[in-house]
Structure formats: structure tokens, C-alpha cells
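Inspection log for the structure reproduced underneath, given as C-alpha cells.
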Number of protein chains: 2
Amino acid sequence: MSCSTTLKNKGYRLTPQRRLILDIIHEADVHLTAEAILGQLEDRISGVNKSTVYRTLELLEGLGLVVKSDICGGRVYHHAEEGHHHHLVCKSCGRQFHCDEAVLEPLKESLREKLGFEADLNHHIIRGLCAACQS
Amino acid sequence: MSCSTTLKNKGYRLTPQRRLILDIIHEADVHLTAEAILGQLEDRISGVNKSTVYRTLELLEGLGLVVKSDICGGRVYHHAEEGHHHHLVCKSCGRQFHCDEAVLEPLKESLREKLGFEADLNHHIIRGLCAACQS
DNA sequence: TATCTTATTGCAACAGGATGCAATTGCAAT
DNA sequence: ATTGCAATTGCATCCTGTTGCAATAAGATA
């Protein structure tokens, strides 16, 4: 089921702006800032306002179609189906490392069993010190 | 060792603004927004600029004296010695729950052993669905 | 106490993000 | 095709947080 169909089925309108934002996000293989999305949008149709971009991204995130995360002091977005991956961010050198989902699974189960809390650890960010910076 | 002494020992100047910000944070038993800190600061000395507040908070956070976290779309600060506690935030109803440090310990060890990454899970925020909202 | 160095501040401007309102428009019904 | 409803947008403004620069001041030294 495409994202456009999801929007329609949930009663939202499929405006040209929303279609294009979805296209831009689908085509991207990197995380995009709102600004980048706005830039690409302006290349395709003129007169789009940034508030529309922010609103659309908020809507898409709320519907689970887009994932928003804060990395390196900036906010980025990517498609929700891109797969689950997590970032370990070193507070000292700023580098990012990939972290397998399997590592977070025990925590997820623990929270579920002990507290009845269904954690959403999709695209979770964990800060700390990388091996190189610990010395 | 007091926070003021820490600042001095690390070569930073103890300006009146910094002293007062430290006082305000020490006196507070709740998380404070930058705006709240600025407001209380203005009650004590006049003419303080918000950029000073933000800069001081950044400095204190960098020195580990203050903890900054993002809760409910806003950024709050509290004293670093307040103790380790973690927030489970429900994405549906917005409520927050306390989570024991022991729950995060296995993850911390896992990251250390498998990836050599020393995770800083102090005041970590985990989003998901609480028991009530899962039905 | 006076002087000096330079860290720190206030200020203005800026950037990213959010909001209220009137105009516009998507889309269902006819 | 036309109409009507209300969702959505553009616009202006606001809010939170950041940055560069000149003025100010903390604190060390004599």
C-alpha cells in the first residue's frame, strides 16, 4: 500500500504539495532536512511555503509514514519503510555508528514485561563515547 | 565540590550571571526550561540577556554539571546530581513514567561488549505506548 | 590600588520551527 | 459540469535557540 493511498484512506487530502513531498522522501537514499525537502520542492513547483513542509512532515510522522530524528543538532527525516536502524553518536568526536536492532531487543522485552510499556525503539539514538575516544 | 568551584578550577570565570543560574538550578526540584530560568534570573538582577542563559546552560551541560533533555517537544534542564532517572514517554497520551536504571543496564553492557561503545544512558528518553494506550 | 588580558556579556540579527487567519482548493455530492 | 464544505495552504508573525561583534568585566599581577 502506497503512502498516498494511506493518506486517502485515512481521510486526508492528496494535495500536490503532499504528493511531491512523498516523492522526494521516497527518492532519497539519505536523511533529509526540512530545508532540503523545501529546496527540492521549490525546484518542482513554485510558491510553496515552508510551513506547508513542516506541517506535512508532522502529519506524515504522525501517521507513521516518515521517521523524524535529531542528529547532530539538526532534525532529519526519512521514509519509515527504510528499515530499522539506530545510531550510536559519540559525544566527543561526533561520529556515528550503526547499531543492530538485535541489541535493543532485550530492552524492548524488558520494558514490555516489567512495565507494560511498548517501546518504540525504531531509529533510536544513543549517545556515549566510542572506543577511540574512551582513552 | 560545588559547581562554582568546578567552574573556577576549569579556568572559567564566575560571573554573577553564572552564579545565579547555578543557584536557580540548585534550588529547583523540577525540570526548568530556559525561559523559566531566564524569568527567575530577571527577578534577581536586571538586564540579563537570554543569550547568556543559553550559553551558560550549554557550558554547564558540556561540563556535566547540568543535564539537558527534550521532553514533550520542549527542552528542559536540571542539576546533574539530581540522580539518574529515565523517562518513558507515551506517544499517544503524552504521559511520562519512571523507569529504573537497572532496566537499561543490560543494554549498556551489551553495547560495551559488542561494540566497545560506552553508552551514556543518563536521563534517557524512550518513547512508545503505555499499557493504557495499547488497547 | 591600578593595569592588563581576555573571557564574557548584551545586543542585534539570524535560523529553524510553529501558529493563527483568510484565501484557496480537493473532492464528494448532485 | 456545478456546488458546497471544510481541509489545506500561503502569509505574516511569533517562539525557541544560535551567532558575530563590540563593550564590559572577572581576575591575575604588580
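The values are calculated or read from the model by the stated rules, or taken from the named source; none is laboratory data. It should be emphasised that the depicted structure is a prediction, and the values quoted were computed from it without experimental measurement. Don't worry about glycine lacking a Cβ; one is built from the backbone with ideal geometry, like all the others, and counts go over all protein chains shown.
Scanning the stretch A:88-135 for residues that are more than 9 Å from chain B (Cβ to nearest Cβ) and of a type in the set (S, T, N, Q) yields a total of 4.
To keep it simple, each residue is scored yes or no on (1) at pLDDT 90 or above; (2) surrounded by fewer than 17 Cβ atoms within 10 Å (Cβ to Cβ).
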{"site": "A:Leu41", "(1), (2)": "yes, no"}
{"site": "A:Gly62", "(1), (2)": "no, yes"}
{"site": "A:Asp70", "(1), (2)": "no, yes"}
{"site": "A:Arg75", "(1), (2)": "no, yes"}
{"site": "A:His84", "(1), (2)": "no, yes"}
{"site": "A:Cys90", "(1), (2)": "no, no"}
{"site": "A:Gln96", "(1), (2)": "no, yes"}
{"site": "A:Asn122", "(1), (2)": "no, no"}
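A:Arg55 meets all of the listed conditions (1) near DNA strand C (Cβ under 9 Å from one of its atoms); (2) surrounded by 13 or more Cβ atoms within 10 Å (Cβ to Cβ); (3) within 14 Å of chain B (Cβ to nearest Cβ) but one, namely (3). On the stretch given as the stretch B:7-46, residues that are within 15 Å of B:His79 (Cβ to Cβ) and within 12 Å of DNA strand C (Cβ to nearest atom) total 6. When residues of the stretch B:1-59 are filtered for being within 9 Å of DNA strand D (Cβ to nearest atom), within 15 Å of the chain's Cα centre (by Cα) and not in a helix (DSSP H, G or I), how many remain? Number satisfying all stated conditions: 1.
Quick check, is A:Gly62 within 14 Å of chain B (Cβ to nearest Cβ) and either within 12 Å of DNA strand D (Cβ to nearest atom) or farther than 30 Å from A:Ala132 by Cα (or both)?
yes
Kindly indicate whether B:Arg112 is surrounded by 13 or more Cβ atoms within 10 Å (Cβ to Cβ), near DNA strand D (Cβ under 10 Å from one of its atoms) and at pLDDT 85 or above. Before you say what the answer is, go through the steps one by one.
Details: surrounded by 13 or more Cβ atoms within 10 Å (Cβ to Cβ): yes; near DNA strand D (Cβ under 10 Å from one of its atoms): no; at pLDDT 85 or above: yes.
For B:Arg112, the condition - surrounded by 13 or more Cβ atoms within 10 Å (Cβ to Cβ), near DNA strand D (Cβ under 10 Å from one of its atoms) and at pLDDT 85 or above - is not met.
Take the conditions among the small types (Gly, Ala, Ser) and more than 11 Å from DNA strand C (Cβ to nearest atom) and apply them to B:Ser69. Does it pass? The answer is yes for B:Ser69.
Would you call B:Cys133 surrounded by fewer than 19 Cβ atoms within 10 Å (Cβ to Cβ) and of a type outside the set (D, E, K, R)? So B:Cys133 passes the test.
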